[in-house]
Structures are given as structure tokens and as C-alpha cells.
Amino acid sequence: MAGAEERAGRQSELEPVVSLVDVLEEDEELENEACAVLGGSDSEKCSYSQGSVRRQALYACSTCTPEGEEPAGICLACSYECHGSHKLFELYTKRNFRCDCGNSKFKNLECKLFPDKAKINCGNKYNDNFFGLYCICKRPYPDPEDEIPDEMIQCVVCEDWFHGRHLGAVPPESGDFQEMVCQACMKRCSFLWAYAAHLAVTKVTAEDDGLLLNVDAVGDQEVIQPENGAHHDGALKEDVPEHGKAAEKEVKAEQMNEPCTSSSSEADLQTAFKNQHLDTESQAGCKLEELKAKQFIKKDTATYWPLNWRSKLCTCKDCMKMYGDLDVLFLTDECDTVLAYENKGKVDQAADSRDPLMDTLNSMNRVQQVELICEYNDLKTELKDYLKRFADEGTVVKREDIQQFFEEFQSKKRRRVDGMQYYCS
């Protein structure tokens, strides 16, 4: 017993004093971060059979599809099983995506988990992220040549990641906003400026007399005068891309009730919202038209939005048509948010929230607790050094690697215990 306390004392002189509670809290924080990234993604089964998954953790394999080849994305399970030793780009999460692993984009690889895939997934959308490039500067992250500390923020519309300094305005504190829409997406979805005057975290507003309020002197800005009695077609003409404007003139009222066909998930979503909201909205009027009747500003900046801002968007028949034409119907879906995805992972984790380590610790006496701390510190140090090799090489840690580590750790522990000498007084 004395030997155990002496070993703990010698170790405390070499390392900073950290309580077991601190260690457990740190581990819990890491687990929460893992849940945020992985959410409800399955680590053992390829997600291809689920079709276009509403939101999932995705990866791109630089080994199989390097820059210059067609972009492709793989699910969490395939990143482990089929690309374990490859160089991967972590894409965080993407919406409405179907796993590409082993399809025609992979010339020399067959998916081990779901080999019977179509040659291509037409509904998938790709950007430079799939080649490890982000933001308008098209740089990697982390960037070895960038010495400026900056936070990367994901646009909720295009799902690209941007440096805070490249968004046209200084971002609010990270805890003060829930979602961001980048400059390019604000230009494409210009109807959002009418909402930004009332909903955005940093409101972009103007008084009726033209006085600008809470507006940063960065980028171009345009004061939009009230549209007194303007018909909703004006909003459509302003926000719909050129190819949609010509078609709009021929669209009849009955055609506007047809669901968007850009993807099966969006079509289902549009139908659901129409059934639930159209009658109410037709009676209450269009929220967007009410906002457009007031003066607001358009700027060349990103916008930052609070929690639940999507629920304030109008879901009348004309607005739903506009969302479909702009391919942003997902904005009306609260379950599309990254927060909803993260919460799903946390709920799944909470189903088995009992901590066996704390239960074991509470059942021990002080000497046993000291011995456990020593063992834990040994395990933590060796595991950290072991995993660092994989991080340096940019490879994925597989199940076999973890099994090998613990086998070697147990072997070292047995040799250490067998070599100890015990004395009786």
C-alpha cells in the first residue's frame, strides 16, 4: 500500500496535478465533440442503402480521388472499412448526400460494405471541399502557410467553409449566432435581406427616412425602398435565377402546387409543408411581402442568424415555389440544421449515459483510487503517443490498431508487475 502512494507521489512531481474529475470532464467534452461530428452516423454499415441521407458525416479520399479527378464523398463506415489507410479530408456534415464509395469514380476500389452501387449518384452536390480546399481563398485547412488565427464558419446554404476575415464583416462571437449565410448565397437568395433586417444577429436595417442603423462600413450596400402594393411576382423575378424567370411566365397556378423534383427528400419536404401550412398562410398573407413593404438594405457581406430563425420564414404557396426554384427548400426544415443533427447524436449517447468509470471509482477505497489514477495516467500517456503516429501520417485508426495497442499495453503491465519486489515488515 505504501508503495502505491510513493509511486503516485513521484509521478506528481514530474507532471502537473490533475484530478480524476478533471480528466473525466475532459473526456466527456471530447465525447461530446465526437457526437457533434458523427451524430447519428453508423460506423459499421454503409449509408448507401438509405438513399440521400438528410445529413451525415462525410469524408473525401485524396488517395482514391485526388485533385483533377471527379469529386466523391464517402460515409463514416466506408472511411473506416474501405479507406482506413488512405489520406482523407473530413468534410464535417453534408445534406442530402449518398455514399459514393466504390462507384465509377473509384477506378481501383470496390466498396467492402455495399459493393452493389449505381455508377453515379446524380443527386449529390460537390464543391472544392472534396479536394481539401475551402473558402473564397481556396486554401486547405489547416493551412501551414496561414499564420493568422481565424475561425472557420460553414455556410448553411452552400455548406462551404469560410475564414471569418473573408466574409465581408467581422463575425459575432461564436456563441451569439447559430447559422451563417455567406456573401455569394446572400446574393443568390436575396429575399433573405428582407428577413435580415428583423432576424439577423447583427441586424442590417434602415429607418423609413433612410438612416442606416447597425451597418458596418464594409462592402457595397443598397437601400431597398418599400414595395407598396407590390405583387409577389416581383419577389420571384428578383430572386429566381435567369433560367427560372422564363419558365415562371408560363407557370400556372395549378403548376405551382407541384413538388420540387431536385431530390426525393426535398420533394417530400415540400409536399409535407404544403399540407401543413398553405391554408394558414393563404389566410394570413405572405410574411415576405409584409417585410418587403418596409425599407431594408442589401450588402456585400455574410449574415449571421440566431436559433430557430428558419421557423420565421414564410411558407405560403408563392414562397415555397420560390424556395424550390432557388433549391433552398431545406431552409424550411428545422431538422436540416447541424444543431438538430448534433442533438440526435447526443440523444443516442444519452440512451446509455451511465458512467461505469465513476461507478467503479465510488466503490473503491483511497488506496485503490490512487492505484487507478496511476494506471490511468500510464494508459493516457502511452495511448496519446500511439495515436500521434497516426495523426502525423494522416491515416485512420482502425479497430485492429486499437486491439494491438491494448494487447501491447497489457503485456507491458504484466512484465512490470512481475518485476516488482514486495517486502513484508
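Just list whichever of Lys138/Lys398; Lys138/Lys187; Lys105/Lys125; Lys94/Lys388; Lys94/Lys299; Lys125/Lys187 have alpha carbons separated by over 24 Å in the model shown.
Numbers: Lys138/Lys398 31 Å; Lys138/Lys187 20 Å; Lys105/Lys125 14 Å; Lys94/Lys388 28 Å; Lys94/Lys299 27 Å; Lys125/Lys187 20 Å.
Lys138/Lys398; Lys94/Lys388; Lys94/Lys299, as the Cα separations exceed 24 Å there.
If you take the square roots of the eigenvalues of the alpha-carbon gyration tensor of the stretch 312-351 and sort them as a ≥ b ≥ c, do you get rounded (a/c under 1.5), prolate (a/b over b/c) or oblate? List each step's numbers first, then the result.
Values: a/c = 5.03, a/b = 3.26, b/c = 1.54.
It is prolate, given that a/c is not under 1.5 and a/b is the larger ratio.
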task: Give me D for the stretch 87-146 in µm² s⁻¹, whole number, from Stokes-Einstein with Rh from the Kirkwood sum over alpha-carbon pairs, 25 °C and 0.890 mPa s.
output: 182 µm²/s
message: Largest first, please: the extent of the C-alpha atoms of the stretch 59-109 along each principal axis, to the nearest Å.
response: 25, 21, 17
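If we sort 122-134, 55-67 on the protection proxy, mean other Cβ atoms within 10 Å, highest first, what's the order?
Working: 122-134: 17.6, 55-67: 20.8.
Ranking the peptides 122-134, 55-67 by packing returns 55-67, 122-134.
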- request: Given the peptides 138-149, 327-338, arrange them by the average over their residues of other C-beta atoms within 10 Å, most packed first.
  value: 327-338, 138-149
Packing-based ranking, highest mean first, of 194-202, 97-105, 362-370 given that Cβ atoms within 10 Å are counted: 97-105, 194-202, 362-370
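Only the coordinates and a few stated rules stand behind these numbers; no lab work does. Being a predicted model, the structure only gives us computed values, none of them experimental. Don't worry about glycine lacking a Cβ; one is built from the backbone with ideal geometry, like all the others, and counts go over all protein chains shown.
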